[in-house]
Amino acid sequence: MARIAVIPGDGIGVDVTREAIKVLETLRELMGTPLELVEFDLGAERTLRTGVSLPPGTFEDFRQNYDGIFLGALGDPRIPDMSHAREILLEMRFQLDLYINHRPVRLLDESLCPLKGKGVSDVNFVVFRENTEGLYVGIGGIFKKGTPDEVALQEEVNTRKGVERIIRHSFEYARAHGLGKVTMADKSNALRYGHDLWQRAFQEVAAEYPEVEAEHLFIDALTMQMIRKPEQFQVIVTNNMFGDIITDLGAALQGGLGMAASGNINPNGVSMFEPVHGSAPKYAGQNVANPIGAVLTAQMMLQHLGFPREAAVVEEAVVEAIRRRQVTRDLGGPLGTREVGDFIRREIGELAKTMTHGNSLGRATGTRPS
């Protein structure tokens with residue numbers, strides 16, 4: 001039995017998480033997938049009601065009693081400094097040592113790609129973003145705030161341990177999935193200390209994987225090449241801030257943030273999965289948000305937890321929804337959030353019947369698992 005902690009989040013996070021959880025419940029009902037789903041009251045409403053974002057012991061509870069965490073988008077204008085979101089999301093990454101941010105960039109239908117002449121075989125790579133160091137550790141301060149002499153300092157942290165382990169994971173992933181190239185992006189021509197560490201660690205780790213080509217690009221060149229020729233990439237690894245930026249660019253290549261899934265991974269502990277769009281509070285409860293990113297995030301979680309058949313069924317159902325334009329308006333379809341979720345669940349039902357009769361899925365789901 002896989003035990004999943006569910007945090008619906010704020011705004012449209014609640015709407016799309018609801019559809020993703022219904023998908024998991026459908027798999028449990030139709031395919032017997034052993035899942036226990038436990039919802040946690042964490043988010044803006046709780047923070048405003050109690051003054052506490054995270055009760056003491058929450059992380060230890062996750063660490064000891066759960067196999068995965070599903071997190072919806074966080075953010076509410078009633079908490080303008082986003083303190084609750086930082087406490088929940090960033091602290092979860094730090095406290096649970098979720099050092100791998102795994103972002104598949106995979107186009108499921110060529111109609112969704114904004115690049116002229118690019119199809120599903122051209123946009124199919126994965127980005128590994130270092131998730132616990134860099135500029136997001138919160139080291140810095142402001143001196144003489146609000147005066148003409150104000151000084152603001154923000155420190156970037158790079159450790160040998162942190163840099164090496166994310167680079168090593170990228171090569172291990174390439175080896176395990178039969179991929180031939182890992183591209184590392186930094187800005188070592190300008191950031192001469194922290195990114196010199198990235199250069200040296202990349203070269204040393206790459207030497208242990210002679211069958212995998214090791215390529216380096218400065219981050220500005222990488223972003224240009226992602227637009228010009230995305231098919232050249234297989235695995236990209238980079239630091240926290242650069243990874244944050246290029247994965248949103250990658251999401252645009254696959255149809256927008258509403259299509260983007262992610263995993264925050266600790267290979268030796270509990271991992272957390274989240275769709276990467278914002279909470280968009282003004283659209284909350286209006287049945288307009290695209291739930292596909294949340295559903296594909298659930299698909300990633302299933303794959304991670306050891307349910308590949310279920311993950312393949314979910315992806316097949318999503319692809320069918322896109323192919324038949326049973327999608328929300330941002331993707332050119334006529335449906336609302338709930339109706340897209342309903343269609344995907346009906347497709348899962350049909351696929352589950354097919355599998356029950358001993359047949360495999362009708363469409364290949366690709367050669368690069370996400």
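Can you compute the modelled spin-label distance between Thr159 and Asp248, with each label point 7 Å from Cα toward Cβ, in nm?
Result: 2.8 nm between the two label points.
Just want to confirm a number: the relative contact order over segment 1-97, from Cα pairs under 8 angstrom separated by 6+ residues, in percent. Walk me through the intermediate numbers first.
On the way: 126 pairs, mean separation 41.6, N = 97.
Taking the mean separation of contacting Cα pairs over the length of segment 1-97, I get 43 percent.
What ³J(HN,Hα) values, in whole Hz, does the Karplus curve 6.51 cos²θ - 1.76 cosθ + 1.60 give for segment 112-122 when θ = phi - 60°, with x put for Gly and Pro?
8, 8, x, 8, 5, x, 9, x, 5, 7, 8
Can you tell me the FRET efficiency between Gln286 and Glu91 if r is taken as the Cβ-Cβ distance and R0 is 30 Å, rounded to the nearest 0.05?
Efficiency, rounded to the nearest 0.05: 0.50.
Treating only the Cβ of Lys, Arg, Asp and Glu as charged (+1, +1, -1, -1), what charge dipole size does segment 1-147 show about its Cα centre? Round to the nearest 20 debye.
The calculation lands at about 520 debye.
For a paramagnetic label modelled at 7 Å from the Cα of Phe59 toward its Cβ, which residues of segment 240-268 fall within the zone defined by backbone nitrogen distances under 19 Å?
Backbone N within reach: 240, 264-268.
Treat every Asp and Glu Cβ in the chain as -1 and every Lys and Arg Cβ as +1, leave all other atoms uncharged, and give the resulting dipole magnitude about the Cα centre to the nearest 20 debye.
Dipole of the chain, to the nearest 20 debye: 620 debye.
Test of understanding: in a Gaussian network model of the chain with alpha carbons linked when under 10 Å, which of Glu87, Glu347, Glu339 would top the mean-square fluctuation ranking?
Of Glu87, Glu347, Glu339, the most mobile in the Gaussian network model is Glu87.
What Kirkwood hydrodynamic radius do you get for segment 58-215 when you take the inverse of the mean 1/r over all pairs of distinct Cα atoms, in Å?
18.9
So, in nm, how far is label Arg325 from label Ala221 when the simple model puts each one 7 Å beyond its Cα toward the Cβ?
A separation of 4.3 nm, rounded to one decimal place.
With springs only between Cα atoms under 10 Å apart, run a GNM on the chain and tell me which of Asn158, Asn268, Asn239 wobbles the most.
Maximum fluctuation in the GNM of the chain, among the listed residues, is at Asn268.
Counting just the Cα atoms, what span does the chain cover along each of its three principal axes? Round to the nearest Å and put the largest first.
So the three principal-axis extents are 64, 54, 41 Å.
For segment 245-250, in order, what is each residue's ³J(HN,Hα) by Karplus, 6.51 cos²θ - 1.76 cosθ + 1.60 with θ = phi - 60°, in whole Hz (x at glycine and Pro)?
Values per residue, Gly and Pro as x: 6, 6, 6, 6, 4, x Hz.
Between Tyr193 and Met1, how many nm apart are label points set 7 Å from Cα along the C-beta direction?
Inter-label distance under the simple model: 5.2 nm.
Mind checking which of Gly162, Gly72, Gly263 has the largest fluctuation in a GNM of the chain, springs on alpha carbons under 10 Å?
Gly162
Quick check on segment 92-183: what does the Kirkwood estimate of hydrodynamic radius come out to from the alpha carbon pairs, in Å?
About 16.5 Å for segment 92-183.
When only C-alpha pairs under 8 Å and at least 6 residues apart count, what is the relative contact order of the chain, in percent?
Numbers: 718 pairs, mean separation 83.6, N = 370.
Computed value for the chain: 23 percent relative contact order.
Within segment 81-152, report the trypsin sites (Lys or Arg not before Pro) that DSSP leaves as loop and that have at most 12 other Cβ atoms within 10 Å.
Details: sites: Arg86, Arg93, Arg106, Lys116, Lys118, Arg129, Lys144, Lys145; in loops: Lys116, Lys118, Lys144, Lys145.
Qualifying residues, ordered by number: Lys116, Lys144, Lys145.
Would you mind putting 179-188, 146-155, 300-309, 324-333 in packing order, based on average other-beta-carbon counts within 10 Å, highest first?
The peptides rank, most packed first, as 179-188, 300-309, 324-333, 146-155.
Looking at the chain, send over the antiparallel percent of its DSSP beta bridges, to the nearest 5.
Rounded to the nearest five, the antiparallel share is 40 percent.
Every number in this text was worked out from the coordinates using simple rules, so none of it is lab data. The structure presented is a predicted model; accordingly, all values stated were derived computationally and were not measured. Heads up, the Cβs are rebuilt from the backbone with ideal geometry, glycines too, and the neighbour counts pull from every protein chain shown.
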